[in-house]
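No value in this document is a laboratory result; all are computed from the given coordinates. Computed from a predicted model, the values in this text were never measured in an experiment. Because the Cβ atoms are built from the backbone with ideal geometry, glycine has one as well, and the counts that use them run over all protein chains shown.
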Amino acid sequence: MALGTLRRDEDDRARLLTSLAQAYVHGVDVDWSVWFEGLGARRVELPTYAFEHQRYWLDAGRGTADAVGLGLESAGHPLLGAVVVPASQDGVVLTGRLSSYTHPWLADHTIGGSVLLPGTAFVELALRAGDEVGCGLLEELTLEQPLVLSGDRSVAVQVTVEAPDETGRRTVVVHSRPQGGDGAWDRNATGVLAEAAAPPAEVLAVWPPADAQPVPVDGLYERLADRGYGYGPAFRGLTAAWQQGNEVFAELALPDGAEGFGIHPALLDAALHALLLETANTADDENGANGENGENGENPGLRVPFAWTGVRLHAVGASALRVRLSREAGDTVRLAAYDTTGLPVVSVDVLRLQPISTERLAPAAPARDNALFELRWTPVPAPQVAATDILTLDTDCAGLAELIDSGVRPDGVVVAPVEPGGEVHARLGAVLRLIQQWADAPALADSRLLVVTRGSMA
């Protein structure tokens with residue numbers, strides 16, 4: 001047997017390997033170890049039987065569908081999939097789909113045991129919508145209804161920016177509803193966008209402030225978890241903190257990147273965790289942890305962002321921040337965040353916190369695609385019969401036989417409930433035999449049999 005190893009216009013090494021393979025399949029004993037020596041190759045175990053295998057296919061991506069192919073514009077944002085520009089009005093609608101499956105990091109934010117879209121995510125959605133219409137200032141944003149994510153169930157989100165008023169301001173509204181549902185949309189947040197020139201860049205020259213006292217952050221997230229704040233790895237961004245009077249300074253870092261975001265919701269949310277440092281062990285939070293609710297069911301230990309005023313985004317894509325939080329009157333705070341070089345990233349003139357009702361955090365029941373899978377008890381009107389026309393029997397068939405032989409034809413026969421006790425199979429068998437005997441009695445065709453149960457429903 002002769003095989004050529006040199007051919008015109010063919011790679012010498014590939015040609016030689018092909019010739020060796022041809023010789024091998026024709027029965028020649030080829031020493032492959034010599035060929036693969038020095039290439040880093042190794043032997044691998046083969047499956048021991050036909051159905052043993054290892055999966056090498058990549059999982060399907062979790063990204064959004066191609067908006068352009070649907071006649072829309074791509075939003076270019078991790079939380080939003082498409083931009084719709086209505087032909088009949090000067091506005092814009094941004095749409096997206098959220099779930100703990102498509103955005104796993106959202107499951108790391110729980111309040112009172114429910115996965116809650118953080119208030120900082122609504123800020124990010126509104127700022128992205130403002131970019132679409134040239135409005136760089138979020139004058140105000142008020143959260144009206146929490147958006148609760150349940151399991152892998154998807155929620156459709158719409159961010160609507162209306163036409164400008166006479167001053168150039170635009171109303172922005174965020175709605176949501178379960179994906180594929182036909183119910184009403186929930187209005188989660190409403191606010192006002194405006195055009196605004198960028199203020200002079202304020203540089204944070206000294207960090208941390210010379211007179212600020214370090215505040216330990218070790219164990220903070222474990223203590224907060226005991227009080228109803230559930231922050232998973234994606235939201236545990238607070239790494240260091242200091243305090244000076246009514247001001248708190250903090251260092252934040254994202255475990256993952258912030259690509260595609262103006263300001264990542266988990267990073268901005270972590271800035272607010274510094275406010276919880278001094279209250280983590282207070283009696284007020286202890287009461288909240290014990291479920292002592294205030295008026296309207298609010299838990300005084302669970303406070304969440306409620307109203308934002310004067311939000312400006314100075315830079316995008318930050319993955320680490322240095323934050324200065326200034327406490328104002330009541331549950332209000334001023335926030336300024338900078339990158340690690342001291343340049344401004346985001347600022348908030350006023351942020352107001354408020355207690356949240358745990359009753360509002362219960363996820364809505366999922367819509368059912370097929371009503372046949374739902375158990376419903378339908379009321380049935382009772383027949384109007386005189387008391388003298390109803391007889392009562394036990395489950396003994398002898399009593400029914402005596403009734404048939406007596407010639408009495410009552411309108412109704414009630415099988416008395418059997419007292420608890422005894423073997424269930426035997427009791428059911430007695431009822432079954434009675435029903436069979438009833439069905440075999442033509443004389444009782446015009447009478448009605450009622451079987452009464454006891455304790456059959458929880």
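Other residues with beta-carbon under 15 Å from the beta-carbon of residue 184 carry, at +1 per Lys or Arg and -1 per Asp or Glu, a net charge of -1. Note that the stretch 1-44 shows a convex hull volume over its alpha carbon atoms of 91 Å³ per residue. Note on residue 340 and residue 1: with the Förster distance fixed at 60 Å, the Cβ-Cβ geometry gives a FRET efficiency of about 0.30. Across the stretch 100-227, Cα-Cα pairs farther apart than 23 Å form 51% of the total.
Computed from the C-beta positions of residue 88 and residue 247 and an R0 of 51 Å, the FRET efficiency is 0.55 to the nearest 0.05.
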